[in-house]
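No value in this document is a laboratory result; all are computed from the given coordinates. Quick caveat: nothing in here was measured; it's all calculated off a predicted structure. Here Cβ is always computed from backbone atoms with ideal geometry, including for glycine, and neighbour counts include all displayed protein chains.
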Amino acid sequence: MNDVTDKSTEPAGFFPRLINEVKELAVTVLIFLPIWFFFSLFVYELRSIPSESMVPNLQVGDRVAVSKFSYGYSKYSVPLGLGRFLPLGDGRLFGGTPERGDVVVFRHPHVDKVMIKRLIGLPGDTIQIVDNKIIINGEAMKQEPVRRVVYREARQNRRYEADEILETNPEGESYLTHLLYQHNYANLPVYKVPEGYYFFMGDNRDNSTDGRALSGHCPPNANGVIDEAGCEPNTRPGEEPSIGYVPYEMLIGRADTVLFTLNFCGRYESGCPKGRVWKSL
């Protein structure tokens with residue numbers, strides 16, 4: 001009887017084994033890439049927070065879960081911005097209605113970038129900002145002081161002192177905001193949100209370039225009201241325009257919660273905001 005010796009199928013030598021491992025990894029990636037793409041397109045996608053514009057609710061380094069099904073789907077819902085290059089047409093499929101107070105991820109109407117801000121104005125709303133107070137359809141939003149905070153900006157390490165404010169919108173939803181009292185947006189024109197558009201602001205009210213900034217808007221009408229959208233930005237050379245009014249189809253999804261964070265609050269001198277992870281926004 002002849003002896004039969006099993007020969008290993010493992011390649012001999014370090015580099016052949018390395019090549020084999022790389023091949024196995026490539027196969028695994030190819031299997032899971034369509035699953036990730038489908039999940040990111042239709043269910044949830046992960047977004048990181050790059051700036052302080054949504055402090056104190058979102059910090060630099062937070063990873064936020066964004067619900068894609070909340071507002072339905074458009075070409076801007078496709079991961080990695082690929083929908084702009086596909087023949088998908090305009091409008092939304094299974095469109096849902098955004099609600100005031102939602103934290104929304106959307107495509108910047110004038111610049112190739114993605115933004116995250118809080119929804120303040122709905123189609124048809126009249127918005128005024130007078131002495132840092134937001135007036136919606138003639139009703140001022142309630143503001144209650146909470147505490148004084150001191151922190152340093154992530155990018156330029158500038159030191160800020162801000163009043164933390166509990167703000168309540170007309171629907172009764174409350175959330176924290178910061179006021180630096182730099183008067184960047186203290187008194188502005190009247191905004192009349194056009195149909196099919198939305199008006200957004202950052203929670204860090206004096207440290208956010210958002211729908212209040214005039215460079216992304218059409219000029220005011222004869223009565224001093226900004227009630228149109230779709231104009232070319234009014235900017236100086238090299239200046240980035242603001243978001244202006246954001247069209248419905250450019251909404252990507254609703255930010256639901258902070259899944260995890262790489263922010264360990266080392267920049268806060270007055271106590272780190274607590275309880276943000278896995279808490280509804």
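Points worth noting:
- Straight-line cross-link partners of LYS68 among the lysines, defined as a Cα under 22 Å from its Cα and at least 8 positions apart when in the same chain: LYS113, LYS117, LYS279.
- Cross-link reach list, aspartates and glutamates versus LYS75, counting only Cα pairs under 13 Å and skipping chain neighbours closer than eight places: ASP90, GLU249
- Ranked by how many other beta carbons lie within 10 Å on average, peptides 93-103, 62-72 from highest: 62-72, 93-103
- The modelled label-to-label distance between ARG147 and VAL114, using points 7 Å beyond Cα along the C-beta direction, is 3.2 nm.
- Electrostatic dipole magnitude of segment 14-261 [Cβ: Lys, Arg +1; Asp, Glu -1; Cα centre; debye, to 20]: 700
- Annotation: the antiparallel percentage among DSSP beta bridges lying fully within segment 14-261 is about 95.
- Top positive-direction residue, dipole computed over segment 14-261 with Cβ charges, set SER70, ASN157, PHE15: PHE15
- Student exercise, segment 152-220 dipole from Lys, Arg, Asp, Glu Cβ charges, in Debye to nearest 20: 400
- Potential extension, ILE31-ASP227 segment - 0.36 nm per residue separation minus Cα distance: 65.7 nm
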